[in-house]
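Participant: Dumping the structure here so I can ask a few things about it.
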Amino acid sequence: MSADTRRGWLKGAAAGAAGLWLTACNKVNDDPRVRATLRSAEGLTLRAQRLLISRSALAPEFSEADISSDFRANGSISPGDPEYRKLLLDGFSDYRLVVDGLVDTPLSLNLAQVRALTSRTQITRHDCVEGWSSIGKWKGARLGPLLDLAGLKEDARYIVFHCADSLGGAGPNGRYYESIDLIDAYHPQTILAYEMNGSVLPVAHGAPLRLRVERQLGYKHAKYVMRVEAVADFAHLGAGKGGFWEDRGYEWYAGI
Ligand SMILES: Nc1nc2c(c(=O)[nH]1)N[C@H]1C(S)=C(S)[C@@H](COP(=O)(O)O)O[C@H]1N2
Ligand SMILES: [Mo]
(Lines give C-alpha, C1' and ligand atoms only; values in the text may rest on other atoms or scores of the structure.)
(Ligands and ions follow the chains in the order given, each with its own letter.)
Protein backbone atom coordinates (compact mmCIF):
# COMPACT_ATOMS: atom_id res chain seq x y z
CA MET A 1 0.00 0.00 0.00
CA SER A 2 1.35 3.41 -0.86
CA ALA A 3 1.80 6.14 1.72
CA ASP A 4 -0.97 8.08 0.02
CA THR A 5 -3.41 5.22 0.29
CA ARG A 6 -2.60 4.88 3.96
CA ARG A 7 -3.08 8.56 4.57
CA GLY A 8 -6.32 8.26 2.65
CA TRP A 9 -7.81 5.62 4.87
CA LEU A 10 -6.67 7.35 7.99
CA LYS A 11 -8.33 10.54 6.88
CA GLY A 12 -11.35 8.36 6.25
CA ALA A 13 -11.17 7.27 9.86
CA ALA A 14 -11.42 10.84 11.03
CA ALA A 15 -14.24 11.67 8.68
CA GLY A 16 -16.03 8.39 9.24
CA ALA A 17 -16.37 8.08 5.48
CA ALA A 18 -17.46 4.57 4.65
CA GLY A 19 -16.09 4.45 1.14
CA LEU A 20 -12.51 4.89 2.21
CA TRP A 21 -12.67 1.93 4.53
CA LEU A 22 -12.24 -0.86 2.04
CA THR A 23 -8.46 -0.96 2.27
CA ALA A 24 -8.54 -0.59 6.01
CA CYS A 25 -11.02 -3.44 6.30
CA ASN A 26 -8.68 -5.69 4.40
CA LYS A 27 -5.87 -4.85 6.83
CA VAL A 28 -7.99 -5.22 9.91
CA ASN A 29 -9.35 -8.51 8.68
CA ASP A 30 -5.85 -9.90 8.99
CA ASP A 31 -5.99 -9.55 12.75
CA PRO A 32 -7.26 -12.93 14.01
CA ARG A 33 -9.17 -11.29 16.86
CA VAL A 34 -10.96 -8.96 14.51
CA ARG A 35 -11.55 -11.83 12.11
CA ALA A 36 -13.23 -13.83 14.84
CA THR A 37 -15.47 -10.90 15.73
CA LEU A 38 -16.40 -10.32 12.13
CA ARG A 39 -17.06 -14.00 11.43
CA SER A 40 -19.63 -14.08 14.18
CA ALA A 41 -21.27 -10.89 12.99
CA GLU A 42 -24.17 -10.37 10.66
CA GLY A 43 -24.21 -7.29 8.47
CA LEU A 44 -20.46 -7.36 8.14
CA THR A 45 -20.01 -4.00 6.46
CA LEU A 46 -21.91 -2.04 9.06
CA ARG A 47 -20.19 -3.75 11.96
CA ALA A 48 -16.75 -3.54 10.44
CA GLN A 49 -17.32 0.14 9.84
CA ARG A 50 -18.43 0.76 13.43
CA LEU A 51 -15.49 -1.18 14.76
CA LEU A 52 -13.05 0.83 12.71
CA ILE A 53 -14.56 4.13 13.63
CA SER A 54 -14.30 3.25 17.32
CA ARG A 55 -10.66 2.21 16.84
CA SER A 56 -9.86 5.56 15.23
CA ALA A 57 -11.59 7.72 17.86
CA LEU A 58 -9.36 9.99 19.89
CA ALA A 59 -8.59 9.23 23.53
CA PRO A 60 -9.84 12.01 25.85
CA GLU A 61 -7.47 14.93 26.25
CA PHE A 62 -7.21 17.06 29.37
CA SER A 63 -6.15 20.57 30.36
CA GLU A 64 -2.89 21.74 31.94
CA ALA A 65 -4.72 21.98 35.28
CA ASP A 66 -5.43 18.23 35.17
CA ILE A 67 -1.77 17.17 34.92
CA SER A 68 -0.80 14.88 37.81
CA SER A 69 1.89 16.36 40.04
CA ASP A 70 3.09 12.84 40.84
CA PHE A 71 2.84 10.81 37.61
CA ARG A 72 3.84 7.31 38.63
CA ALA A 73 6.78 5.54 37.08
CA ASN A 74 6.33 1.80 36.68
CA GLY A 75 8.16 -1.31 35.50
CA SER A 76 11.73 -0.44 34.55
CA ILE A 77 12.59 2.96 35.95
CA SER A 78 16.39 2.91 35.66
CA PRO A 79 17.62 0.28 33.20
CA GLY A 80 20.92 -1.27 34.22
CA ASP A 81 21.69 -2.68 30.79
CA PRO A 82 25.27 -1.65 29.90
CA GLU A 83 24.41 -0.38 26.40
CA TYR A 84 21.72 1.84 27.88
CA ARG A 85 23.95 3.11 30.71
CA LYS A 86 26.57 4.11 28.16
CA LEU A 87 24.09 6.03 26.01
CA LEU A 88 22.72 7.76 29.11
CA LEU A 89 26.19 8.76 30.33
CA ASP A 90 26.88 10.43 26.99
CA GLY A 91 23.60 12.34 27.14
CA PHE A 92 22.20 10.10 24.38
CA SER A 93 24.49 11.75 21.81
CA ASP A 94 25.21 8.28 20.36
CA TYR A 95 21.56 7.22 20.49
CA ARG A 96 20.01 6.27 17.16
CA LEU A 97 16.40 5.34 16.60
CA VAL A 98 16.44 2.51 14.09
CA VAL A 99 13.42 1.98 11.85
CA ASP A 100 13.71 -1.22 9.86
CA GLY A 101 12.11 -4.53 8.96
CA LEU A 102 9.54 -4.42 6.15
CA VAL A 103 10.35 -0.88 4.99
CA ASP A 104 11.67 0.48 1.70
CA THR A 105 14.23 2.77 3.37
CA PRO A 106 15.60 1.74 6.78
CA LEU A 107 16.30 4.75 8.98
CA SER A 108 18.76 5.52 11.74
CA LEU A 109 17.94 8.87 13.34
CA ASN A 110 19.63 10.85 16.08
CA LEU A 111 17.47 12.70 18.58
CA ALA A 112 17.73 16.04 16.76
CA GLN A 113 16.38 14.31 13.65
CA VAL A 114 13.56 12.72 15.66
CA ARG A 115 12.69 16.12 17.12
CA ALA A 116 12.51 17.58 13.62
CA LEU A 117 9.78 15.10 12.58
CA THR A 118 6.06 15.91 12.54
CA SER A 119 5.15 16.18 16.21
CA ARG A 120 2.08 16.22 18.40
CA THR A 121 1.50 17.40 21.97
CA GLN A 122 -1.28 15.87 24.07
CA ILE A 123 -2.44 15.72 27.67
CA THR A 124 -3.78 12.23 28.29
CA ARG A 125 -4.51 9.76 31.05
CA HIS A 126 -2.28 6.73 31.46
CA ASP A 127 -4.10 3.68 32.82
CA CYS A 128 -2.05 0.81 34.22
CA VAL A 129 -3.59 -2.67 34.62
CA GLU A 130 -2.40 -2.56 38.20
CA GLY A 131 -5.23 -0.11 38.84
CA TRP A 132 -3.69 3.35 38.90
CA SER A 133 -3.94 6.28 36.50
CA SER A 134 -1.94 9.46 36.00
CA ILE A 135 -2.40 12.41 33.64
CA GLY A 136 0.59 13.75 31.76
CA LYS A 137 1.49 16.01 28.87
CA TRP A 138 3.50 14.38 26.10
CA LYS A 139 5.25 15.73 23.05
CA GLY A 140 6.68 13.43 20.45
CA ALA A 141 7.10 12.42 16.84
CA ARG A 142 3.95 11.03 15.26
CA LEU A 143 4.55 7.41 14.35
CA GLY A 144 2.48 7.49 11.14
CA PRO A 145 4.55 10.12 9.31
CA LEU A 146 7.73 8.43 10.55
CA LEU A 147 6.61 5.13 9.04
CA ASP A 148 5.73 6.93 5.80
CA LEU A 149 9.25 8.31 5.72
CA ALA A 150 10.64 4.77 5.84
CA GLY A 151 7.88 3.52 3.52
CA LEU A 152 6.09 0.40 4.72
CA LYS A 153 6.22 -2.57 2.41
CA GLU A 154 3.02 -4.21 1.25
CA ASP A 155 3.24 -7.13 3.69
CA ALA A 156 3.86 -5.05 6.85
CA ARG A 157 1.05 -5.71 9.35
CA TYR A 158 2.44 -4.84 12.78
CA ILE A 159 4.93 -2.44 14.27
CA VAL A 160 7.27 -3.84 16.93
CA PHE A 161 9.07 -1.67 19.51
CA HIS A 162 12.36 -3.06 20.79
CA CYS A 163 13.39 -1.58 24.13
CA ALA A 164 16.73 -1.14 25.88
CA ASP A 165 15.73 -2.62 29.25
CA SER A 166 15.59 -6.23 30.33
CA LEU A 167 12.95 -6.91 32.90
CA GLY A 168 13.00 -10.66 32.35
CA GLY A 169 16.69 -11.36 33.03
CA ALA A 170 19.80 -10.55 31.05
CA GLY A 171 20.01 -11.11 27.29
CA PRO A 172 17.77 -10.36 24.33
CA ASN A 173 15.05 -12.76 25.48
CA GLY A 174 14.59 -10.76 28.64
CA ARG A 175 14.21 -7.45 26.82
CA TYR A 176 10.98 -5.51 26.95
CA TYR A 177 9.18 -5.27 23.62
CA GLU A 178 5.72 -4.45 22.36
CA SER A 179 3.72 -4.51 19.15
CA ILE A 180 0.71 -2.71 17.71
CA ASP A 181 -1.25 -2.99 14.47
CA LEU A 182 -1.32 -0.39 11.71
CA ILE A 183 -4.57 1.17 12.89
CA ASP A 184 -2.91 2.14 16.16
CA ALA A 185 0.39 2.93 14.44
CA TYR A 186 -1.32 5.53 12.25
CA HIS A 187 -3.66 6.83 14.99
CA PRO A 188 -2.99 10.59 15.33
CA GLN A 189 -2.26 10.31 19.07
CA THR A 190 0.34 7.57 18.61
CA ILE A 191 3.69 9.24 19.19
CA LEU A 192 7.27 8.49 20.18
CA ALA A 193 7.50 10.96 23.05
CA TYR A 194 10.70 12.82 23.93
CA GLU A 195 9.10 15.38 26.27
CA MET A 196 6.93 14.95 29.34
CA ASN A 197 5.17 17.85 31.07
CA GLY A 198 7.22 20.38 29.08
CA SER A 199 10.65 18.93 29.99
CA VAL A 200 12.99 16.39 28.42
CA LEU A 201 11.58 12.89 29.03
CA PRO A 202 13.02 11.60 32.35
CA VAL A 203 14.81 8.24 32.54
CA ALA A 204 12.12 6.80 34.83
CA HIS A 205 9.52 7.45 32.12
CA GLY A 206 11.51 6.00 29.22
CA ALA A 207 14.22 8.41 28.04
CA PRO A 208 15.11 9.21 25.39
CA LEU A 209 11.99 7.94 23.55
CA ARG A 210 8.84 6.15 24.66
CA LEU A 211 5.69 5.15 22.89
CA ARG A 212 2.35 6.73 23.69
CA VAL A 213 -0.49 4.68 22.23
CA GLU A 214 -3.34 6.40 23.96
CA ARG A 215 -6.19 4.00 23.22
CA GLN A 216 -4.46 1.16 25.06
CA LEU A 217 -3.37 0.24 28.59
CA GLY A 218 -0.04 1.20 30.14
CA TYR A 219 2.00 -1.87 29.31
CA LYS A 220 1.61 -1.22 25.56
CA HIS A 221 3.43 2.13 26.00
CA ALA A 222 6.98 0.85 25.42
CA LYS A 223 9.66 2.93 27.16
CA TYR A 224 13.38 3.13 26.16
CA VAL A 225 12.53 2.49 22.49
CA MET A 226 15.64 1.66 20.46
CA ARG A 227 14.22 0.15 17.35
CA VAL A 228 10.94 0.24 15.47
CA GLU A 229 10.49 -2.81 13.26
CA ALA A 230 7.76 -3.40 10.69
CA VAL A 231 6.79 -7.09 10.55
CA ALA A 232 4.25 -9.36 8.90
CA ASP A 233 3.73 -11.25 12.15
CA PHE A 234 5.39 -11.49 15.56
CA ALA A 235 5.41 -15.26 16.07
CA HIS A 236 9.23 -15.34 15.93
CA LEU A 237 9.68 -12.77 18.71
CA GLY A 238 9.96 -13.69 22.38
CA ALA A 239 7.32 -16.30 23.21
CA GLY A 240 5.36 -15.21 20.12
CA LYS A 241 2.54 -13.29 21.81
CA GLY A 242 3.60 -9.82 20.66
CA GLY A 243 4.99 -8.30 23.83
CA PHE A 244 6.88 -8.79 27.07
CA TRP A 245 3.74 -8.95 29.22
CA GLU A 246 1.72 -10.67 26.51
CA ASP A 247 4.28 -13.49 26.62
CA ARG A 248 3.42 -13.69 30.32
CA GLY A 249 -0.35 -13.88 29.84
CA TYR A 250 -1.59 -10.33 29.22
CA GLU A 251 -3.93 -9.55 26.30
CA TRP A 252 -2.27 -8.38 23.08
CA TYR A 253 -5.05 -5.88 22.42
CA ALA A 254 -5.43 -3.80 25.56
CA GLY A 255 -7.96 -1.24 24.32
CA ILE A 256 -9.42 1.34 26.67
N1 LIG B 1 10.61 -0.71 28.23
C2 LIG B 1 9.62 -0.77 29.11
N3 LIG B 1 8.45 -0.21 28.80
C4 LIG B 1 7.43 -0.25 29.67
C5 LIG B 1 7.53 -0.91 30.92
C6 LIG B 1 8.79 -1.48 31.24
O7 LIG B 1 9.00 -2.07 32.31
N8 LIG B 1 9.80 -1.40 30.30
N9 LIG B 1 6.44 -0.95 31.77
C10 LIG B 1 5.12 -0.71 31.20
C11 LIG B 1 4.06 -0.46 32.15
S12 LIG B 1 3.31 -1.80 32.89
C13 LIG B 1 3.55 0.79 32.37
S14 LIG B 1 2.21 1.08 33.36
C15 LIG B 1 4.19 1.96 31.78
C16 LIG B 1 4.66 2.90 32.86
O17 LIG B 1 5.10 4.09 32.30
P18 LIG B 1 5.57 5.23 33.28
O19 LIG B 1 6.78 4.71 34.03
O20 LIG B 1 5.87 6.42 32.46
O21 LIG B 1 4.43 5.45 34.24
O22 LIG B 1 5.31 1.64 30.96
C23 LIG B 1 5.17 0.47 30.23
N24 LIG B 1 6.26 0.36 29.32
MO1 LIG C 1 1.30 -1.00 33.72
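The values are calculated or read from the model by the stated rules, or taken from the named source; none is laboratory data. Keep in mind that what you see is a predicted model, and the values were worked out from it rather than measured. FYI the Cβ positions are ideal-geometry reconstructions off the backbone, even for glycines, and counts take in every protein chain you see. Surface accessibility is based on the protein's heavy atoms, side chains included, excluding ligands, DNA and RNA. Shrake-Rupley method; radii C 1.70, N 1.55, O 1.52, S 1.80 Å.
Participant: What ranking do 59-66, 184-191 get when scored by the average of other Cβ atoms within 10 Å per residue, highest first? Write down the numbers at each step before the final one.
Facilitator: Details: 59-66: 11.8, 184-191: 22.6.
So the order, starting with the most tightly packed, is 184-191, 59-66.
Participant: A further question follows. Under the definition of Cα pairs under 8 Å and six or more residues apart, what whole-number percent is the relative contact order of segment 58-248?
Facilitator: 26
Participant: In bins 10 Å wide, starting from 0, what share of all Cα pairs of segment 98-193 does each bin hold, as a percent?
Facilitator: That works out to 14, 38, 38, 10, 0, in percent per bin.
Participant: I'd like to compare 122-134, 195-207: which one has the highest average count of other Cβ atoms within 10 Å, and what's the full order after that?
Facilitator: Details: 122-134: 15.1, 195-207: 17.4.
Put in order of decreasing packing, that is 195-207, 122-134.
Participant: Could you state the orientation-averaged shadow area of the convex hull built on the Cα atoms of segment 58-248, in nm² to one decimal? Don't skip to the answer; put the middle values down first.
Facilitator: On the way: hull surface 40.4 nm².
The number I arrive at for segment 58-248 is 10.1 nm².
Participant: Another one. Write down Rg/Rh for segment 164-255, rounded to two decimals, with Rg from the C-alpha atoms and Rh from the Kirkwood relation over Cα pairs.
Facilitator: My calculation of the ratio gives 0.95.
Participant: Determine the gain in length on full extension of the stretch A232-S54; use 0.36 nm per residue of separation and subtract their C-alpha separation, reporting nm with one decimal.
Facilitator: Values: separation 178, 0.36 × 178 = 64.08 nm, distance 2.40 nm.
Fully extending the segment from A232 to S54 adds 61.7 nm.
Participant: Using 1/(1 + (r/R0)^6) with R0 = 22 angstrom and r between the beta carbons of W132 and R85, what's the FRET efficiency to the nearest 0.05?
Facilitator: My answer for the efficiency is 0.20.
Participant: Relative to the Cα centre, what is the charge dipole magnitude of segment 58-248, using +1 at the beta carbon of each Lys and Arg, -1 at the beta carbon of each Asp and Glu, and rounding to the nearest 20 debye?
Facilitator: Details: 21 positive and 25 negative charges, 61 e Å.
The dipole of segment 58-248 has a size of about 300 debye.
Participant: Could you check how much of the accessible area of segment 58-248 is carbon and sulfur, as a whole percent, using a 1.4 Å probe?
Facilitator: Numbers: 4010 of 7730 Å².
Of the solvent-accessible surface of segment 58-248, carbon and sulfur hold 52 percent.
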